[in-house]
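A.B. asks: So that we are looking at the same thing, I have put the structure below in structure tokens.
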């Protein structure tokens, strides 16, 4: 075997043994992730629907005076004022107090999602803004409505027939206030972002390990 052939064989052997070591020491960088276009992200989340991400049972009491009540609890300036006030109170003062129970639902209006919702979508990751949570639906449990107290002006022959219906029509405000005091929006925000983050993660290409972060803007009840 001549020297030239021997040198070739030695070079091949050395090269074959060095290559795995070199690849282990200096691995090739991974290929860049396949990025999902912003429009695809928007269309995946946007919908003509409301994402309910929090439900809060609530209850409370409501006191309402008759809509025809012209009376006043302010003190009169003289004897005639006091007599006139007493006469008005006796003729018009009807009052009712009811207790109500219900449920409030809060979440995000997905129809408001737009291209502006995608704050970042590059090699660093995805940042998506879901918007502002809001209380959307109020349900009254009519079977739970209970009349706690009624009073009628002393010169009225019967109580105002519309007073109970007026009180019931204002019951949603009571449930909403109670749900807000329970911080329903504070629950709806984080829960909604987790749901949408899961949806966006499911859309990513295989091998795409970029972090996904979904934000929301705090809202007020």
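The values are calculated or read from the model by the stated rules, or taken from the named source; none is laboratory data. Keep in mind that this is a model prediction, so the values were computed, not measured. When we count neighbours, we look across all protein chains shown, and the Cβ atoms used for this are built from the backbone with ideal geometry, even at glycine.
A.B. asks: Consider residue 179 carefully, then state whether it is at pLDDT 90 or above and crowded, with 19+ Cβ neighbours inside 10 Å.
C.D. replies: Yes, satisfied.
A.B. asks: Still on this model: Can you find a residue in the range 203-218 that is over 30 Å from residue 98 (Cα atoms), surrounded by fewer than 17 Cβ atoms within 10 Å (Cβ to Cβ), touching a strand residue (DSSP E or B) at 6+ places or on another chain (Cβ under 6 Å) and without any contact (Cβ under 8 Å) to a residue 40 or more places away in the chain?
C.D. replies: no
A.B. asks: For the range 186-198, which residues satisfy the criterion of being under 22 Å from residue 114 (Cα atoms) and surrounded by 15 or more Cβ atoms within 10 Å (Cβ to Cβ)?
C.D. replies: If the condition is that a residue be under 22 Å from residue 114 (Cα atoms) and surrounded by 15 or more Cβ atoms within 10 Å (Cβ to Cβ), then 188, 189, 191, 192, 193, 195, 196, 197 are the ones that fit.
A.B. asks: Those residues that are more than 34 Å from the chain's Cα centre (by Cα) and either assigned to a helix (DSSP H, G or I) or at pLDDT 90 or above (or both), I need them from the range 84-104; list them, please.
C.D. replies: 84, 85, 86, 87, 88, 89, 90, 91, 92
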